[in-house]
Each structure stands twice: as structure tokens, then as C-alpha cells.
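The values are calculated or read from the model by the stated rules, or taken from the named source; none is laboratory data. Source: prediction; values computed, not measured. Please note: Cβ atoms are built from the backbone with ideal geometry, for glycine as well, and neighbour counts cover all protein chains shown.
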Amino acid sequence: MVAPDPPSVGCQVALAIRQLSATMSRMDTTSSTPLLIRARRREHGLTQTELASKLGIGHRQMIRYEMGDSRPSEEVAVKLAKILGGKETDYRPELEHERALRRDTRELELLRAADRELRKRLDDIEAALARLLSEH
């Protein structure tokens, strides 16, 4: 009888990612981002409608960003940084964490695949060893 395996590194990473994600979802979304968007839009002499058009979004969505009722997506934050200047994280502060989470998720998937491959190889080695022992 084989003893159960201890939690793999992949499982430990997955738990940490879930905990980080839960923490991020509870974060206070009030910030100076709406004020920054409005101020930089005005500095560039753009109306809400003009900026919305450049971003490829509707005027009402632009109003939501400036009122703080909605947060720009990653794609919109990238466009805002190009149009108004600054960094993407100026317009979506959690963006760095989101990107790190995606990177960690990809690494976790690779670790899980490697873990499966190693377990398969170990099973093959154990089967070969059992055959050798039964022959002698």
C-alpha cells in the first residue's frame, strides 16, 4: 500500500493564488484614478466624447470611469497611458497584481504538467522494478 503523497508545490502555489485573488477582490476600489483621468483628459484638451472615441468606448462608459462607478479594463488602461501619458497602473492600480497572478497561473500550469509527467515516469519505473523483482 502506497502512502498518500504530500501536497505538491503546484497545490501550494494554487492555494496562495486563490488567497491573493480573494484579497484583491475585497480591496477598496475607491481611488484617485477617476480624478486623474478627468484631470489628464482636460490637460490634453479632450472632451469626454473625444477621449471615449479614441479609447473605442462609449461616452457613458467614459462618464462611469470619471465618476468612479467603473474601472478601466487592462486594454483601456493601456490606451489611456498612451493617450494621456503616465503608466498603465496609473489608470488601473491593480494591474500589476493581475499580471503577476496570470503569470503565476501559467507557471502553476507548467508545474502541474511537469508533476504529472514525473508521476507517470515514477509509475513506469516502479512497474519495471516490480517486473525485475518478480523475475528473480
Filter the range 92-118 for residues that are among the aliphatic types (A, V, I, L, M) and surrounded by 13 or more Cβ atoms within 10 Å (Cβ to Cβ); the one that is nearest to P72 (Cα to Cα) is L95
Do you know which residues across the range 3-45 are at pLDDT below 70 and assigned to a loop (DSSP other than H, G, I, E, B)?
A3, P4, D5, P6, P7, R26, M27, D28, T29, T30, S31
Under 7 Å between Cβ atoms, at least 6 apart or on separate chains: pull out the pairs that start in the range 71-94 with a residue that is at pLDDT 95 or above and end on any residue that is part of a loop (DSSP other than H, G, I, E, B) and surrounded by fewer than 18 Cβ atoms within 10 Å (Cβ to Cβ).
A81/K87; L84/H44
